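Below you'll find the structure, written out as structure tokens, and then a few comments.
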Amino acid sequence: MGLYGPLGVGEIARPPKGMDPMKALSRALCSAVAIALFATPVTAGEFSRLTPEVLAVQKTKDAIVTIKVMFRGNYGTTKPVFGSGVIIDDRGYAITNAHVVGNNTSATVILWDGTELVGTVHALDTTNDLAILKLPTGRAYKELRLSPSSDLMHAERVIAVGNPFGYLRTTTTGSISGLDREVSMDGNKMKGLVQIDAPINPGNSGGPVLNINGELIGIVVAVREGANGIAFAIPSDNVARVLTKHLSARQVAAVEHGLNVQSKVVRPDGEDRVQVVVKQAEGAAAKAGLKSDDVILKVAGKTVGNSFDLERAMWGVAGGQTVEASVLRDGQIKQVLFTPAKSAPTFATAAGR
């Protein structure tokens, strides 16, 4: 049947005589929409509840933790204060805000399943308001890898997970409102922050900001007092630099690889959208033939997606042990063997401690 009446095979639908063609077209479009909406009854459960936001949280939740510390109040009393954090390596390293742990040397870390552990403060970087915690060994942890923040977009959807006012494992959603923001906190001027409008409250500090794919793009750090929907996160590229400094191969494994690298985003999506490019090769790396503009793909069997990945790929390597690096050079993948040098561990001084 045509929209204007019965049609035979091969007939062309035309408006009835005397009807304005535009009015006829409008009526036809309305009829088509009605057919599309009501031809098939809508039944309960037709639309999936597994939205991208739900999937992102399900994918990452086991790497998101609650941080609980005891702060001393007036008259010698103590009270628990909650913050949030993220496990950034499956060997038991987590990151949160420096202002969450304060002057404490340890904190209670609560996993998503409710398991409570004691984490020791490995490094405190008050300039960037970040603290690294070491969790107990002897168990496998879920980790949340860093995604680049250099290509974040205005209006990009985000998810924040934390413990506002002690309400554990709270998720909120919003979007990126601004980039490269500057905020002063306790006399410390923080630059390059990501502004988001996802609801953030005390207790969210140190928790993750995820993109719609469940990738870590920032760490919650502050809210604008007296305003609604204005919160700030430390971008993941800054987090990666802090981790690279305080958890370098030299500090953790006492080895020196000689590579100075930078991350470069080459496409908007996909696991290989970031390239880790050699800026300078010295020492063991230069001796093995690694050179500037090489793209590091893997080291010691570990995928390298940022400078921190390079450092932690070397944690299990002993000085004098030969490892294989997979690199992209002039459009071809090459395997390079190199032997990191032994080095005395030099733990970075924890700023402000």
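The values are calculated or read from the model by the stated rules, or taken from the named source; none is laboratory data. Please read all numbers here as calculations on a predicted model, not as lab measurements. Neighbour counts are summed over all protein chains in view; Cβ atoms, including those assigned to glycine, are modelled from backbone coordinates with ideal geometry.
Some observations on this one:
- Of all residues in region 126-135 being within 17 Å of the chain's Cα centre (by Cα) and part of a strand (DSSP E or B), the one that is farthest from Asn188 (Cα to Cα): Ile132
- Enumeration of residues in region 215-244 that are modelled with pLDDT under 95 and either of a type in the set (Lys, Arg) or at positive phi (or both): Arg224, Gly226, Gly229
- Pair list, Cβ under 7 Å, 6 or more apart: region 247-269 residue closer than 17 Å to Asp237 by Cα, other residue modelled with pLDDT under 90: Val265/Arg273; Val266/Arg273; Arg267/Arg273
- Applying a threshold of 6 Å to beta carbon distances and a minimum spacing of six or more residues, or different chains, the list of pairs starting in region 313-328 at a residue that is over 21 Å from Asp90 (Cβ atoms) and ending at one that is in a loop (DSSP other than H, G, I, E, B) and of a type in the set (Asp, Glu) reads Val327/Asp294.
- Checking Thr127 against (1) modelled with pLDDT of 95 or more; (2) closer than 20 Å to Val194 by Cβ, the condition it does not meet: (1)
- Test: residue in region 271-293 that is touching a helix residue (DSSP H, G or I) at 6+ places or on another chain (Cβ under 6 Å) and not aromatic (Phe, Trp, Tyr): no
- Where strands (runs of 3 or more DSSP E) fall entirely within region 224-309, those with at least 1 residues that are surrounded by fewer than 16 Cβ atoms within 10 Å (Cβ to Cβ) are at 259-265, 274-281.
- Single condition Val327 does not satisfy, out of (1) at pLDDT below 95; (2) under 30 Å from the mean Cα position of the chain (by Cα): (1)
- Residue ID - surrounded by the fewest Cβ atoms within 10 Å (Cβ to Cβ), chosen from residues in region 67-105 that are in contact (Cβ under 8 Å) with a residue 40 or more places away in the chain and in a helix (DSSP H, G or I): His99
- Residues of region 130-151 that are more than 25 Å from Ala56 (Cβ to Cβ) and either at pLDDT below 95 or polar (S, T, N, Q) (or both): Thr137, Gly138.
- Answer residue from region 310-338, given it is part of a loop (DSSP other than H, G, I, E, B) and of a type outside the set (A, V, I, L, M) and is surrounded by the most Cβ atoms within 10 Å (Cβ to Cβ) among those: Trp315
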